[in-house]
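The values are calculated or read from the model by the stated rules, or taken from the named source; none is laboratory data. Predicted model, so just to flag it, every value in this text is computed and none were measured. Heads up, the Cβs are rebuilt from the backbone with ideal geometry, glycines too, and the neighbour counts pull from every protein chain shown. Side chains included, ligands, DNA and RNA excluded: accessible areas come from the protein's heavy atoms. Shrake-Rupley method; radii C 1.70, N 1.55, O 1.52, S 1.80 Å.
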Amino acid sequence: MSKVIIIAEAGVNHNGDLNIAKQLIDVAADAGVDYVKFQTFRADTIVSPQAKKADYQSKNTGNEEQSQYDMLKALELSEADHEELIDYCKSRGVEFLSSAFDVQGIEYLNELNLGIFKIPSGEITNYPYLKAIALTGKPIVLSTGMADMKDIEDALLLLEENGVNRDQITVLHCNTEYPTPMHDVNLHAMNTIKNAFDVKVGYSDHTLGIEVSVAAVALGAKLIEKHFTLDHSLPGPDHKASLEPDQLKHMVLSIRNIEAALSGDGIKRPSESEKKNVEIARKSIHLAKDLKKGTIIQESDIVPLRPGDGISAMEWNTIIGKVVIRDMNKFDKLNWSDIT
């Protein structure tokens, strides 16, 4: 089984503060993730000044009057910020990743030589955006929140028409409600996508906790994306639906444990670690009473007891009717050399 890629989504949880962004990178690196992801946007190019915030954004920011534009404007990262964060990621041994939200952002990230491109759920129906990402020639991670199968098919065809091979694409099942109610996760849809489109799949997780991400890996996810924060109580739209540092560590450890558990060849046989327990845990045939030489063994004369290093208790009916060739005591383990 190939290693599951784990993307720790810092998103806008830096609150526009470069020092907080660096602390988030520290947390991600310490947890052992593969990528830490931010967001690259200019409020002027992605949202109308009159656009309202999503309900969860208003609730989590505690400011219903603030527009989506004003909220995003305060969360922008400058070009200098990007360069500093990329260098800091390198120093901590974790890969920098960011999602752009317009063509200009894609072009900028491509200039920064990012290794992969992440398409957020909201851009799955954005023709010029998808085309621009396809033309980078880089591997693509496509989130599918709010999408149906036709949306996914159309996006995949557009990417392919512009030079992307399907094996370069990982499609993430996703729900864009923050947090996602458990009854809306519909995790089996991940493998519906896999089977329908013959693509690698993963899960972008907006539920509370870590169990759905771990379950997704058990079901075959090749990539997990999960929001994280320094503290749930920080102001901002995504903190409350994000993992805190200890939870992120626990998720990574759990995913790596599941990877190890799935790494076998699927053949049922004793493992190397348990072979030493066979004789200890299984039972062999012992005597239930003292028997004299020449006694014909009856069922009441024998009992299955540990250890299992004698005649297997599965030979029970074979032993009945055999003759003991020497005097034996109660609890003696019966061997083939003791009978005829």
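Within a straight-line Cα-Cα reach of under 17 Å, LYS293 can be paired with the following aspartates and glutamates, leaving aside sequence neighbours fewer than 8 residues apart in one chain: ASP301, ASP327, ASP332, ASP338. Using Cβ point charges alone (K and R +1, D and E -1), the dipole size of the chain about the Cα centre works out to roughly 2140 debye. Multiplying the residue separation of ALA196 and GLN23 by 0.36 nm and removing their Cα-Cα distance gives an extension gain of 58.2 nm. Among the aspartates and glutamates, which have Cα under 14 Å from the Cα of LYS276 when same-chain residues fewer than 8 positions away are ignored? Within reach: ASP309. Report, to the nearest whole %, how much of the accessible area of segment 197-340 belongs to carbon and sulfur atoms, 1.4 Å probe, protein only. The C+S portion of the solvent-accessible surface of segment 197-340 is 54 percent. Counting only protein heavy atoms and a 1.4 Å probe, the chain has 50 square angstrom of accessible area per residue. With respect to the cross-link table entries LYS37/LYS249; LYS73/LYS118; LYS90/LYS249; LYS138/LYS200; LYS150/LYS226; LYS292/LYS333, which display a Cα-Cα separation exceeding 18 Å? Too far apart for the 18 Å limit: LYS73/LYS118; LYS90/LYS249; LYS150/LYS226. Each label point was placed 7 Å from the Cα along the Cα-to-Cβ direction; for GLN50 and SER312 their separation is 8.0 nm. Taking a ≥ b ≥ c as the square roots of the Cα gyration tensor eigenvalues, with a/c under 1.5 meaning rounded and otherwise prolate when a/b beats b/c, else oblate, which class fits segment 71-211? It is oblate, given that a/c is not under 1.5 and a/b is not larger than b/c. One chain, two ends: GLN66 and GLU244. Fully extended at 0.36 nm per residue, the span grows by 61.5 nm beyond their Cα-Cα distance. At an R0 of 35 angstrom, the distance between the Cβ atoms of ASP167 and ILE280 translates into a FRET efficiency of 0.15. Within segment 77-158, all pairs of alpha-carbon atoms sorted by distance into 10 Å bins from zero give the percentages 17, 48, 26, 9, 0. Between segment 193-257 and segment 115-165, the C-alpha centres lie 21 angstrom from each other.
When the chain is treated as a GNM with alpha-carbon contacts under 10 Å, the residue of SER213, SER284, SER48 showing the greatest mean-square fluctuation is SER284. Rg/Rh, computed from the Cα trace of segment 1-123 with Rh as the Kirkwood radius, has the value 0.98. For LYS3, a cut-off of 20 angstrom between C-alpha atoms picks up these aspartates and glutamates, skipping any fewer than 8 places away in its own chain: ASP30, ASP34, GLU95, ASP167, ASP198, ASP205, GLU211, GLU225, GLU259, ASP265.
Against the set (1) 25.8; (2) 23.8; (3) 19.1, the structure's computed mean projected area of the Cα convex hull in nm² falls on (2). Take 183-193, 261-271 and order them by the average number of nearby Cβ atoms within 10 Å per residue, most first; the result is 183-193, 261-271. Highest mobility in the GNM of the chain, judged by mean-square fluctuation with C-alpha springs under 10 Å and restricted to VAL212, VAL141, VAL324, is found for VAL324. Most simply put, the chain has about 20% antiparallel DSSP beta bridges, counting only bridges with both residues inside it.
Over segment 209-340, the hull volume per residue, using the convex hull of the C-alpha atoms, is 165 Å³. Label-to-label distance, GLU79 versus ASP148, with points set 7 angstrom from Cα along the beta-carbon direction: 4.3 nm. GLU299 label point, 7 Å along Cα→Cβ, cut-off 14 Å on backbone N: hits in segment 310-336? Answer for segment 310-336: 316-321.
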